[in-house]
Structures are given as C-alpha cells and as structure tokens.
Amino acid sequence: MGETMAATAQSIVWGTQGRILIASGNPEFRRQMAMHAKGPAAQLEEAVGGAHALAKLVQFPCDGVLLDRQLPDLDAEEVASMIRQKYPRIEVTFVDSKEAGRASANADADADADDSDEISVDTMEMTEEKANPSDENLPGMIGRSAAIRKTYELAKLVAGRDTTVLVMGETGTGKEVVAQAIHALSARAKNAFVAVNCAAIPEALLEAELFGHVRGAFTGAVQSRLGRIHVAQGGTLFLDEVGELPLSMQAKLLRFLQNGEVQRLGSSDVYRVDVRVVCATNVGLLEQVQAKQFRQDLYYRLAVFPIELPPLRNRTGDVAELADHFLKKFSDEAGFPLKKLTPAALGSLEQRRWPGNVRELQHVLERAFILSGNSREICAQHVQMGNEAVEVREV
C-alpha cells in the first residue's frame, strides 16, 4: 500500500512548485498520500469529497489534483471534467483508495478516530473561545457604539454553532460583512464562503444556480455544473436579499434546509451536503408572510437566530471612526499621505441621516477624497453632494 501510494504521489508532486490537492473521502488514504507526497516546495491541501475539492479550488487554485475514484458524493470522472473545464492548466490524476490494504486501513482507522476526537475537542474549545462576547469588533466591522456592539455580541455568540442566521437591516448597513465575520469565527472558516444575491439572478436560472444541473438538463446546459449550495460544502452559504426569492424557489430551499440534500436539475441522484446557511434581508419578512409573498414555514426556518443591524443614523459616534477607516483605505490605494477631515467636515457628516448607511458614507468620502485634490485636509465643501448647500462654515 505504502509503495504504491508513494509512487503515485511522488509522480505528481516531485518537480511541482505549487499546491497539490488530495481529494478523497478516506482520511487514512489522504494521510498516506500526504505522507508520501514530499516534493520540494509543494504545498498540500486536502478535500473530503468532490464538492469540497471544487470549493477548495475556488479559494486555492492548485497545480495538480490527486482525485480518488471512490468519492463519497460525486462521480470522479464528472469532477475531473469540471476541473479541466474551469482550470485547464491543472493536472488531474486519478488514484484509487481501494488499493489500500483493508487490514492496514482498519488498524489505522482507530488511531485516526482517536486523533479526530482530540481535534474535535480542540476545535470546539477554540470555537467557543472565539464565540464568547468581547469588546472587540467583528472582523471587517468598524465602530464601537452601543447599537453596533449588540450586533457584535450576537454574532459572536452564534458563530461557533451551525444555527441558521437571519441578518436584517437597511441597505448599506453591512449585512454581508456580518455574515463573513460569522463564517470567519466559526469552525468552517477554512472552507468556502459562497455568496448568492437572490435578487440578481433571473428566476428561470435560480434553481440551476443554487442546486446545479447535469448536461442536457435544459437548452444551453452543455456541461454539468455544481450549484452554489454544493460548492459551499463544509462551509457557509450566504443568501443575500432572501426576501426576493420566488415562491417556487422558497419551497425548494425549505426542503434543502429540512433534509440537507441536493438534487441537480436533470438528475435523479440525491447528495447530502454539510452547509451552514446565513441569510440577509432589507425587507420585513413577517410583512411578506402576512402578504402571502413569503412562506411562513420558511421564515421560521431562516429566523432561528435573527440579528438586526442598526442604521448608521442610530450609531452615535461611529461616523468619525468609519470616516478614518475609509480615508486611510483611499490614501493607501492612491499612494497618498493620509488625509484628515476638518472639524467642520466631520460635523457636517455627523449631522446627516444617511439613508444609504455605511455604503453611502463610503461613497461620499471617496468623492470628497478626489475633490480635495492634493490637499491633506478634507473640508466641509468637499463632503457636500449635488446642489446641497454648505451649512457648516470652516473655522
């Protein structure tokens, strides 16, 4: 077993200067392959199945793939075809975990199980530690107001679990940033974060986009494709603007949430997937339920743990910190010394209602950064929009 694996692994890894992905549902097989694949400068990644391998390639493009013919979720030939179609420069080599000796595999399986137990405990302790509330911001979030700290606390509490989360808030408040933070603080952080804007995909294509399809499932389906749900295997699926889902898709999403199974268009095969779901909405889903535009049973499935993001007008004191963050970002991108707001300019920003929230503030500051030219200061007139009158005079 060892010699066969060593020859196969080294034939791919030796001379390769990049990353090698080993895809197999057999943990002992992956361990043995990784142990023998010790080429200079090679980096090894592991995937537990076909969907996990495809998700890995989205985040970590590889130079070579060792693909087990005995995948637990998808047909290996089909996975190889998808890889070659999307990543033609990647070399795909089939390996067969059945070649592994049963006695050796069984003997080592107990050891692997013990190791898995230890890893699970460590991961659980690490996740719980991350999930404990603290005064620190969420990853990617800026601000320390009382209103936003409540959001941080809730997100940290739920991050370490697989609970479905519904993030609610006005447009521009940062709902996707919160979803990404929940993913980053979870045990799934090393796996894919897959975002889908439910309002941006035509209804006729939405089912294929979410659940995937096989070749010939409909006109134009010349190649099989995994859906976004399957690509998120082991990670997090973020459904933005979930309130825009048509009723027909709401029923299919509910069925997936209930049984954790995916069936691609044009196929009778059903696959189990392990995906954590985080949704976001800028509309009142309960109102939509009452108007018969959103399924009540789906709402209760999604709103297991609701988190409401406050609008910027309610985040007293956060405008200054957000402004500093964006101005540093713009200065770094332009290779320009850091610009600062004058007191009058900051006062003008803090007086606004910000209907577009943090996103609007970012756009106003980007425009002001440009209007200020080579000046190191951004004045009140620079932060005005359109024909808006300058209400605050520079002192």
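Please treat every number below as a calculation from the coordinates, not as lab data. Since the structure is predicted, the reported quantities are computational estimates derived from the model, not experimental observations. FYI the Cβ positions are ideal-geometry reconstructions off the backbone, even for glycines, and counts take in every protein chain you see.
May I ask you to derive the FRET efficiency for LEU338 and ARG144 from their Cβ-Cβ distance with R0 = 22 Å, giving the value to the nearest 0.05?
Computed FRET efficiency for LEU338 and ARG144 comes out at 0.60.
Grab the Cα-Cα distance for ARG313 and LYS292, subtract it from 0.36 nm times how many residues apart they are, and report the gain in nm with one decimal.
4.4 nm
Could you compute the FRET efficiency for ALA320 and GLU153, with r as their C-beta to C-beta distance and R0 at 22 Å, rounded to 0.05?
Efficiency computed from Cβ-Cβ geometry: 0.50.
Give me the one-decimal nm value for the distance between modelled label points at LYS329 and ARG89, 7 Å along each residue's Cα-to-Cβ direction.
3.0
Where in segment 218-232 does the amide nitrogen come within less than 16 Å of the point 7 Å from the Cα of ALA204, taken along Cα to Cβ?
What the label zone holds, given the 16 Å backbone N cut-off, is 218-222.
At a Förster radius of 22 Å, what calculated FRET efficiency corresponds to the Cβ-Cβ distance of VAL283 and ARG359, to the nearest 0.05?
Given R0 = 22 Å and the Cβ-Cβ separation, E is 0.85.
Dividing the Cα radius of gyration by the Kirkwood radius, what Rg/Rh value follows for segment 313-383?
0.93
Quickly rank 283-295, 356-368 as a protection proxy: mean count of other C-beta atoms within 10 Å, highest first.
356-368, 283-295
How large is ³J(HN,Hα) for each residue in segment 317-329, as worked out from phi by the Karplus curve 6.51 cos²θ - 1.76 cosθ + 1.60 (θ = phi - 60°), to whole Hz, x for Gly and Pro?
Residue by residue, segment 317-329 yields x, 7, 4, 4, 5, 4, 4, 4, 4, 5, 5, 5, 4 Hz.
What ranking, highest mean first, results for peptides 247-260, 161-174 when packing means the other Cβ atoms within 10 Å averaged over each residue?
161-174, 247-260
Between VAL58 and LEU371, how many nm apart are label points set 7 Å from Cα along the C-beta direction?
3.9
Packing-wise, with mean Cβ within 10 Å as the measure, how do 236-243, 181-188, 140-147 rank, highest first?
Descending packing order for the listed peptides: 236-243, 181-188, 140-147.
Starting from the Cα of LYS340, draw a straight line to each of the lysines and keep only those under 22 Å, dropping any in the same chain fewer than 8 residues away.
Straight-line reach from LYS340, under 22 Å: LYS328, LYS329.
When the chain is fully extended, how far beyond the present Cα-Cα distance does VAL214 get from LYS98, taking 0.36 nm per residue of separation?
Gain on stretching VAL214 to LYS98: 39.0 nm.
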